[in-house]
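Step one of this worksheet: look at the structure below.
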Amino acid sequence: MNAAVTMQCYFVRRYEDAIEQGRRNIELDPNFFPGYFYLGLAYTQAGQHAEAVAALHQAVALSNNSTTMLAALGGAFAAGGKEQEARAVLTELQDIGRRKYVTQVFVAAIHAGLGETDQAIACLNLAYKDKYPWLLRCLIGDARFDPLRHDVRFNDLIQRCAV
């Protein structure tokens, strides 16, 4: 429940509240990787990139290298201007994707953070094709996609999801 509150704060862009709640989550259970995940996302949007990377590294480790956690880490690298590290994560996710499913929404967030609109939109379209259950919520509320909001293809995707 505490992680859900953190997530809600994140999606309504109350990042300081999300950070505060995320810290509480980790105090309650320092081995609960979703707590680090949402905390890392909130830190990223609050511009606290070192803290975001640290929290998301912990989420990756505690989640047994979940591709979603790894992609979130890549997004934090991209948002923090660490292009080389973000691209290394993209390469790793591509390699993993040859063996198992990789959620394309979070890959799209890396591309968006790198300013690669075409690649981000392509990944989001794959997520739509895959029927990713959280896609519409991510498109509407996730600040990582703000750089795409001016693109007609992004808004078309929102319309397709809403139907």
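The values are calculated or read from the model by the stated rules, or taken from the named source; none is laboratory data. The shown structure was predicted, so the numbers you read here are calculated from the model rather than taken from an experiment. Glycine also receives a Cβ, built like all others from the backbone with ideal geometry; neighbour counts cover every protein chain displayed.
Every condition in (1) closer than 22 Å to Glu16 by Cα; (2) out of contact with any Cys (no Cβ under 9 Å at 6 or more places or on another chain); (3) of a type in the set (Gly, Ala, Ser) is met by Ala71 except one, and the failing one is (1).
With respect to Thr44, is the statement that it is of a type in the set (Val, Ile, Thr), closer than 21 Å to Pro147 by Cβ and within 16 Å of the chain's Cα centre (by Cα) true? Yes, satisfied. Ala50 meets all of the listed conditions (1) loosely packed, with under 15 Cβ neighbours inside 10 Å; (2) of a type in the set (A, V, I, L, M, F, W, C); (3) touching a Pro at 6+ places or on another chain (Cβ under 9 Å) but one, namely (3). Scanning region 10-20 for residues that are at pLDDT 95 or above and either among the hydrophobic types (A, V, I, L, M, F, W, C) or farther than 22 Å from Ala71 by Cβ (or both) yields a total of 6.
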